[in-house]
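Have a look at the structure below, then the notes.
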Amino acid sequence: MPTEFISVTFPNASNELAPEVEPKIDPAFLVRYARALDDYGFNYTLIPYHSSSFDPFTIGATILANTKNISIIVALRPNTVYPTVAAKALATLDQLSGGRVVVHFIAGGSDEEQAREGDFSTKEERYARTEEYIRILRRAWESSEPFDFDGVHYSFRGFSNKVRPTKGTIPISVGGSSDEAYRVGGALADIFGLWGEPLKETREQIERIHAEAAKAGRKDRPRIWVTFRPIVAETDDLAWKKAHNILDLLTANRAKGLGRFAPGADAPKNVGSQRLLEIAKRGDVQDRALWYPTVTATNAGGASTALVGSPETIAASLLDYVDLGADLISIRGYDNYNDAVDYGRYILPLVRKELAAREAAKQAVA
Ligand SMILES: Cc1cc2nc3c(=O)[nH]c(=O)nc-3n(C[C@H](O)[C@H](O)[C@H](O)COP(=O)(O)O)c2cc1C
């Protein structure tokens, strides 16, 4: 599979550097942002899910209607949509877009966050429910033959789905770093999403995922998605200056209780964030250009590992992960729109050029 790039969708100009209190959708910004990603060669854009935020399905439909090539990754929490309904909704978007849909499962790292929408299950139960959910989607997309399902979390009789994905199925992604995440994602997912850890830890996580895939008797392996927040400038020195300015802003905003993580917020419950905070204690800069103070400053709220440097330094760092077997590279900035354009101008072409050169060299000796 070619190395592909993932961005994240923002329906307005609010961002972690200049967070608006209750941002509304800015349709013009949403379309401009999505078209910029499309024009600059991003392959996917994740539409995140949070209990107080916009609906990923409708945002996704708008992006697909206003773009040509980019695929949407719809973040889905099983407790929010019944699986038969999601099977049809995702396949509907898939038919509308000629096959440009991926679904990313959120088992949910925080009990408090889950309780906000009536989900009082344990995390283990949430992953077991995700497993049933994925099995139902796969069966629903496979054929329109009616089927029954008798599970612990879902049971129904004679369901028939006549809305079939254009390519016969829709890629399924699972994200997380807990044992349950590795088990469910390793056994069932087409894609496994990880946050930005150093090469050694990322290799270990990939090995865990592959081991679960083997245990489940799979011949194939999930594609690996890694996630970074590149801070890029013309030179490494300029990038480090920019990085410290960004850190000051993140820290100041957090002190003012702006953004997602107010000061004194509890330690995150999800393993992915806990791991990032542990790694951050080992030192600010790790490997080539990974930078962890942005993790600590945001309490590891989601994807928070920065990569700092010139386009050449950032591209070289991303290629290190490609060499590890991660062919899905998620990069999003802090000044969302402008950073996405900078990545499209300076980083994606560099990575693709180097990969093409490697491929040509391989062909030359083959
Ligand atoms: C790449 C990636 C994207 C994620 N996107 C979201 C999201 O949009 N909303 C959300 O609540 N959690 C999101 N998560 C969190 C996880 O999906 C997960 O449910 C949670 O962190 C529990 O993970 P754990 O198994 O590591 O404890 C994401 C995780 C990863 C790795």
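For the reader, a short list of remarks on this structure follows.
- Only listed residue being closer than 19 Å to residue 241 by Cβ, open to solvent by less than 30 Å² (accessible area, probe 1.4 Å) and modelled with pLDDT of 95 or more, chosen from 326, 306: 306
- Among strands (runs of 3 or more DSSP E) entirely within the stretch 101-187, having at least 1 residues that are touching a Lys or Arg at 6+ places or on another chain (Cβ under 6 Å), near the ligand (Cβ under 9 Å from one of its atoms) and modelled with pLDDT of 95 or more singles out no element at all.
- The residues of the stretch 289-316 that are more than 16 Å from the ligand (Cβ to nearest atom) and free of Cβ contacts under 8 Å to residues at least 60 places away in the same chain, listed by number, are 289, 292, 293, 296, 297, 312, 315, 316.
- Failed item in (1) over 24 Å from residue 105 (Cα atoms); (2) buried (at least 21 other Cβ atoms within 10 Å of the Cβ), with residue 34 passing the rest: (1)
- Scan of the stretch 321-366 for residues that are under 19 Å from residue 288 (Cβ atoms) and of a type in the set (Ser, Thr, Tyr), ordered by number: 321, 330, 343, 346
- The numbered conditions (1) over 30 Å from residue 128 (Cα atoms); (2) touching a residue at least 40 places away in the same chain (Cβ under 8 Å) are all true for residue 48 except (1).
- Within the set 269, 256, 242, the sole residue that is open to solvent by 50 Å² or more (accessible area, probe 1.4 Å) and under 30 Å from residue 70 (Cβ atoms) turns out to be 242.
- Selection status of residue 346, surrounded by fewer than 21 Cβ atoms within 10 Å (Cβ to Cβ), modelled with pLDDT of 95 or more and among the aromatic types (Phe, Trp, Tyr): yes
The values are calculated or read from the model by the stated rules, or taken from the named source; none is laboratory data. Only a predicted model underlies this, so the values are computations on that prediction, with no experimental measurement involved. Virtual Cβ from ideal backbone geometry, glycine too; neighbours counted across all protein chains shown. SASA here: full protein model, heavy atoms, side chains in, ligands and nucleic acids out. Shrake-Rupley method; radii C 1.70, N 1.55, O 1.52, S 1.80 Å.
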